[in-house]
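The values are calculated or read from the model by the stated rules, or taken from the named source; none is laboratory data. All figures in this text were calculated on a predicted structure; none of them were measured in a lab. Here Cβ is always computed from backbone atoms with ideal geometry, including for glycine, and neighbour counts include all displayed protein chains. These accessible areas exclude ligands, DNA and RNA; they are computed on the full protein's heavy atoms, side chains included. Shrake-Rupley method; radii C 1.70, N 1.55, O 1.52, S 1.80 Å.
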Amino acid sequence: MMLFVVASAVLALCQVDAVNVATSYSVVHHDQPAAQPRLLQKSSHAYAPSAHVVTSSHTYSHAAPHFAPLVSKTRYTVPFLSALQAQPQCPAPPACEKSRYRTLDGSCNNLQNPTWGTPNRRYGRLLTPKYGDGISLPTVSVTGQELPNARVVSLVAFGEQDIPDPEYTLANMQWGQIMTHDMSMQAGGTQSKKHPTRCCTDDGKLIGKDRAPSSCYPILVPEHDPAHSQTNTECINFVRTLTDREDQCTPTHPSQPAEQLTTVTAYLDLSLVYGNSDQQNAGLRAFTGGRMATVERDGYEWPPNNPNATTDCELESRDEVCYLAGDSRVNQNPGLTIMQIILLREHNRIADQLQKYNPHWDDELLFQEARRINIAQYQHINYYEWLPIFLGWENMVKNRLIYRTKGGEYINDYDPSQDPSVLNSHATAAFRYFHSQIEGRLDLVSEVRKPTGSLRLSDWFNRPSIIEAGDNYDFLTRGLATQPEELTDTNFDAEIKHFLFRRGRPFGGDLRAIDVQRNRDHGLAGYNDYREFCGFKRASTWEDLMDLISPQDIQLLNTLYRTVDDVDLPVAEFFERHLPGTQAGPTYHCILMEQFIRTRRGDRFFFENGNTPGAFTPSQLNEIRKASMARLLCDNSPGVSQMQPRAFQQIMDVNPLVSCRTLPALDVRYW
């Protein structure tokens with residue numbers, strides 16, 4: 001059986017087409033033939049990072065940068081990383097005071113358990129971890145042998161077809177990344193920036209176990225890799241997530257299984273805008289008019305300049321900008337950065353309006369009320385506009401994640417016994433399901449909703465300056481609300497499968513392989529275990545999976561895994577048939593439902609709760625319920641004057657472009 005598994009996987013790998021390193025994707029302009037409107041043109045020159053910045057009407061050479069200079073030399077501390085320092089100062093238990101506002105670090109949200117949902121805490125678990133040694137080593141096969149190589153799984157089980165979603169826009173995918181960054185950030189593991197812990201050399205050679213740090217868990221590159229074999233790359237760097245066993249502030253018994261740590265608050269509280277502590281927030285506020293700090297250039301407000309730009313961004317010129325925000329991942333990709341800018345500008349827009357109608361309010365009151373409104377609008381969009389796309393409106397109503405409300409009606413479903421911690425299976429597996437929606441090309445779209453050009457995603461990882469070039473901010477914002485996302489299926493764009501965070505190299509990482517490797521790093525129980533947890537019969541044979549997975553896909557899984565109990569959760573789930581009216585199969589649907597029930601009911605300050613000192617009045621709550629993604633885009637993109645009412649969905653007869661002025665808008669006079 002073992003020989004069959006290996007031989008079948010190798011045969012399939014050899015059949016994967018080689019990725020051509022001698023070509024690169026170039027910009028698609030509006031005058032290209034219409035026969036292939038979604039395909040990027042191939043260039044004949046040798047592969048290199050893109051050498052030009054495209055705007056609606058101009059091209060700027062990097063020889064003469066069109067980027068605003070860095071102006072801030074201020075250095076800010078980042079306290080939420082304190083748990084990672086060699087000798088951390090463990091925080092004292094919080095002393096809770098009565099307040100109408102949520103704390104920045106999430107403490108005292110639950111008055112009986114004031115540390116629930118705070119940074120540097122363990123992820124939650126639905127099932128006992130299945131580490132290789134029962135304590136902390138990565139998961140292995142139930143036979144005791146290694147699981148199939150993560151890169152081989154990515155190459156054999158997942159395609160790269162470009163299949164646009166027929167209904168949803170790229171904004172839909174991008175908002176999901178906003179939500180996951182707000183809820184979770186693994187401690188010490190591989191992020192988008194070059195990790196200081198090296199498991200592989202810069203040229204991709206494997207560092208031996210005798211010299212590599214103990215936290216190394218590199219992804220080995222197979223011999224016939226269609227991309228990396230061209231550059232003799234042996235491994236992709238991968239560093240394990242820090243656990244409570246390494247954290248002096250989170251004591252654990254030596255015999256207890258390790259639990260990974262997350263460094264941000266668990267609540268949907270816009271910590272990615274405001275930060276995760278008072279100290280971090282102080283470096284982000286303007287301390288006047290209740291506003292967040294911004295830098296104005298060319299009539300636009302931008303996030304503050306990052307004092308650690310050379311560390312946090314991939315700059316090719318000292319004139320390029322690098323942003324500072326409540327989350328260190330703000331610069332990761334242009335779409336994410338734009339969404340963060342929109343949420344930052346929304347806070348300041350609300351603060352300005354509140355000051356207009358309440359000139360007697362001081363800076364602190366303006367800040368807290370603007371933050372409270374901003375978070376409430378965000379939560380409303382999350383639960384009533386975004387999540388129904390994935391979980392189904394009727395399913396959410398049935399499971400009481402959302403309610404059919406009228407006007408300013410309260411929903412008092414807060415449960416103080418509900419731990420809001422983010423589940424490991426959610427952050428590490430279920431919420432990563434939507435990585436298949438990522439598009440490797442970002443369209444620049446005019447006000448009449450016609451593409452004028454596009455950007456290659458891998459050229460602009462951690463290089464946000466492209467957003468400020470010309471009119472790119474408005475053109476990319478329209479692109480988010482116009483361009484289709486990729487279909488939620490078993491295909492992953494080549495930009496994230498072969499070129500992820502390549503940093504000027506011919507090839508980069510593989511997000512699909514990283515997801516599989518991270519699942520094993522965290523010791524998540526197998527797909528069969530979660531399938532059983534979610535109410536389905538536990539599979540004893542491969543044929544037992546046929547109730548949720550097709551025979552062809554079961555056969556594919558059988559060529560990779562030794563037994564049905566070995567199959568990784570984030571692999572098998574992609575092959576489950578979607579539930580009607582949803583974007584997920586039954587197992588992931590089960591995990592996502594469980595998470596967002598906890599996130600809602602475990603948040604005392606959830607916007608619909610009327611039983612707290614900080615509750616909105618019925619009239620205010622009615623205004624909050626007018627919030628929409630379309631309104632958010634309109635109000636914070638000066639060059640955008642039209643938007644379809646449901647911005648997560650494509651423009652069509654039942655969702656036409658309308659003037660931004662006609663969209664429902666919150667009236668701050670109720671404050």
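Averaging the Cα positions of each part gives two centres, and for segment 186-223 and segment 228-294 these lie 19 Å apart. Distance from the C-alpha centroid of segment 423-479 to that of segment 95-170: 24 Å, rounded to the whole angstrom.
Which pairs in the list Lys398/Lys497; Lys98/Lys398; Lys98/Lys356; Lys356/Lys450; Lys356/Lys626; Lys398/Lys537 are over 26 Å apart, alpha-carbon to alpha-carbon? Distance filter (> 26 Å) returns Lys398/Lys497; Lys98/Lys398; Lys98/Lys356; Lys356/Lys450. Between segment 537-562 and segment 304-377, the C-alpha centres lie 47 angstrom from each other. Binning all Cα-Cα separations of segment 491-635 at 10 Å, short to long from zero, yields these whole-percent fractions: 10, 25, 26, 21, 15, 3. Taking amide H as placed 1.01 Å from N in the peptide plane, Val295 has its amide H under 5 Å from the amide H of Trp302, each at least 5 places away in sequence or on another chain. With Rh defined as the Kirkwood radius, the inverse of the mean 1/r over Cα pairs, the Rg/Rh of segment 588-671 is 1.07.
Backbone amide hydrogens, once placed in the peptide plane, bring Thr169 within less than 5 Å of Glu485, Gln649, Gln650, excluding anything fewer than 5 places away on its chain.
Candidate cross-link partners of Lys194 among the aspartates and glutamates, defined by an alpha-carbon separation under 12 Å and a same-chain spacing of 8 or more, comprise Asp202, Asp312, Glu314. In the calculated pair-distance distribution of segment 311-412, the portion above 18 angstrom amounts to 65 percent of the Cα-Cα pairs. Here the accessible area is traced with a 1.4 Å probe on the protein chains. For the chain, carbon and sulfur cover 53 percent of it. Only Lys, Arg, Asp and Glu carry charge here, each on its Cβ (+1 for the first two, -1 for the last two); on that basis the chain has a dipole of about 920 debye about its Cα centre.
Couplings 3J(HN,Hα) for segment 532-549, derived from phi with the Karplus relation 6.51 cos²θ - 1.76 cosθ + 1.60 (θ = phi - 60°), are 5, 4, 8, x, 9, 4, 5, 7, 9, 10, 4, 5, 5, 7, 5, 5, 10, 10 Hz, where x marks Gly and Pro. For segment 441-579, the residue among Ala525, Leu511, Gln552 whose Cα projects farthest onto the positive side of the dipole built from Cβ charges is Leu511. Once Lys and Arg get +1 and Asp and Glu get -1 on their Cβ, which of Asn276, Cys235, Thr288 lies farthest toward the positive end of the dipole of segment 216-353? Working it through, the farthest residue towards the positive pole turns out to be Thr288. Remark: C-alpha extents of segment 207-248 on the principal axes read 44, 19, 12 Å, sorted largest to smallest. Solvent-accessible surface of the chain, taken per residue with a 1.4 Å probe and all protein chains present: 39 Å². Only Lys, Arg, Asp and Glu carry charge here, each on its Cβ (+1 for the first two, -1 for the last two); on that basis segment 269-374 has a dipole of about 240 debye about its Cα centre. The convex hull of the Cα atoms of the chain, projected and averaged over all directions, covers 28.8 nm².
Could you tell me which residue out of Leu476, Phe492, Ser446 lies farthest along the dipole of segment 428-535 toward its positive end? Charges go on the beta carbon: Lys and Arg +1, Asp and Glu -1, centred on the Cα centre. About the Cα centre, the residue reaching furthest to the positive side is Phe492.
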